[in-house]
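Report on the following structure.
The values are calculated or read from the model by the stated rules, or taken from the named source; none is laboratory data. From a predicted model like this one, the values you see are computed outputs, not experimental measurements. Heads up, the Cβs are rebuilt from the backbone with ideal geometry, glycines too, and the neighbour counts pull from every protein chain shown. Note: areas computed on protein heavy atoms with side chains; ligands, DNA, RNA excluded. Shrake-Rupley method; radii C 1.70, N 1.55, O 1.52, S 1.80 Å.
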Amino acid sequence: MSYNFTEMQTDKIIRRWGHDIYEKILRNIDTYTEKWKLSDLEFYEHYSASAIFFCKSDLHGDCVLKIGSNEQDEEFVGEYNVLREYNGWRYVKVYANDIDIEKRKKAMLIERCIPGKMLSEEKSLEKRLSVFTDLFNELHIAPQNPEIYVSYAKLICDGAEECANSQKDLKGLDRHIQNAKKIYFEICEKYDKKMLLHIDIFGDNIVSFNGGYKIIDPKGVVGDPIFETGQFLFNECCEDRIQPENAEIMFSYLEKSINIPEKILKQCFYIETVRFICYYASRYGANEWDFERVNFAESVMNGDK
């Protein structure tokens with residue numbers, strides 16, 4: 001029997017992904033419940049690019065069933081490949097998959113973190129920095145097959161091209177992405193490792209597990225580990241509100257704890273802030289929130305904050 005969504009959940013899924021995807025999710029639940037011996041499914045109210053269900057498996061214990069929509073195929077495949085390569089080290093394990101992009105099949109059965117408290121719920125900035133440091137310092141490995149992943153360089157170059165060709169009013173953000181691209185390639189003259197990156201590490205993607213923490217939802221990107229810092233810095237000091245005091249503490253702390261010069265950290269912060277914001281602005285247009293954060297990141301990089 002198909003999963004019984006509430007009326008509100010059904011409406012949100014259809015508005016977000018369309019009726020065809022809603023019907024597909026219901027069919028998939030039946031298929032994977034039988035195939036992977038699932039029970040006690042509970043929909044997680046998260047409407048991004050995948051439908052998430054907590055569940056139990058007779059084969060694997062506490063799990064997460066992740067069913068992809070018709071969006072972000074490359075990221076879904078990248079996530080699977082990263083989890084497969086790490087095999088439970090630092091990241092959650094992936095137990096099973098059914099992925100065939102041509103046939104629009106995207107599903108994974110993943111280890112569930114218990115108790116599963118997000119690091120973003122931790123009130124202490126120092127504790128959050130300590131957890132990030134511990135994960136970062138033993139995180140990055142060379143991919144077995146680099147060609148199956150997108151490079152961070154491509155993300156930057158694609159962002160610049162999308163901004164240049166966007167029909168939206170970016171109100172000057174395109175200047176920032178060109179500047180970020182230039183700085184990126186300057187940094188790469190020294191920092192040119194080709195390691196597996198998550199690229200979206202922040203508090204919501206670091207989850208408590210057995211007295212420690214594991215990382216979820218990797219994007220599957222290849223680049224130098226220094227570029228792993230940008231999204232964490234962005235989330236901690238300017239996503240919800242701009243916090244110069246947090247930025248000052250973080251750059252000083254991370255320079256010592258992960259051994260990356262503060263100047264480089266500030267440049268990575270600027271590059272990733274610009275890339276992240278321009279990705280969405282080129283699709284949906286720019287607003288004051290975007291400018292405030294990009295200008296803040298630029299001022300931090302230039303030593304004005």
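Here are some notes:
- Of all residues in the stretch 16-55, those satisfying the criterion of being under 14 Å from residue 96 (Cα atoms) and either among the charged types (D, E, K, R) or loosely packed, with under 12 Cβ neighbours inside 10 Å (or both) are 34, 35, 37.
- Of the helices (runs of 4 or more DSSP H) entirely within the stretch 154-261, those holding at least 1 residues that are open to solvent by 30 Å² or more (accessible area, probe 1.4 Å) and free of Cβ contacts under 8 Å to residues at least 24 places away in the same chain occupy 173-187, 244-257.
- Of 173, 155, all but one fail to be at pLDDT 95 or above and farther than 25 Å from residue 129 by Cα; the exception is 155.
- Checked against the criterion of being farther than 20 Å from residue 148 by Cβ and open to solvent by 20 Å² or more (accessible area, probe 1.4 Å), the stretch 77-96 contains one or more residues that satisfy it.
- Pairs with Cβ under 7 Å, 6+ apart, first in the stretch 284-305 and without any contact (Cβ under 8 Å) to a residue 12 or more places away in the chain, second open to solvent by less than 80 Å² (accessible area, probe 1.4 Å): none
- Residues of the stretch 93-147 satisfying the condition of being among the β-branched types (Val, Ile, Thr) and either closer than 16 Å to residue 50 by Cα or not in a helix (DSSP H, G or I) (or both): 94, 99, 101, 110, 114, 141
- Residue pairs whose Cβ atoms lie under 9 Å apart, sitting 6 or more positions apart in sequence or on different chains, and linking a residue in the stretch 75-88 that is under 15 Å from residue 111 (Cα atoms) to a partner that is acidic (Asp, Glu), are 79/217; 83/111; 88/111.
- Residue in the stretch 110-123 that is free of Cβ contacts under 8 Å to residues at least 24 places away in the same chain, open to solvent by 50 Å² or more (accessible area, probe 1.4 Å) and more than 20 Å from residue 200 (Cβ to Cβ) present: yes
- Residue match in the stretch 267-288 (condition: part of a helix (DSSP H, G or I), in contact with an Asp or Glu (Cβ under 7 Å, 6 or more places away or on another chain) and open to solvent by 20 Å² or more (accessible area, probe 1.4 Å)): no
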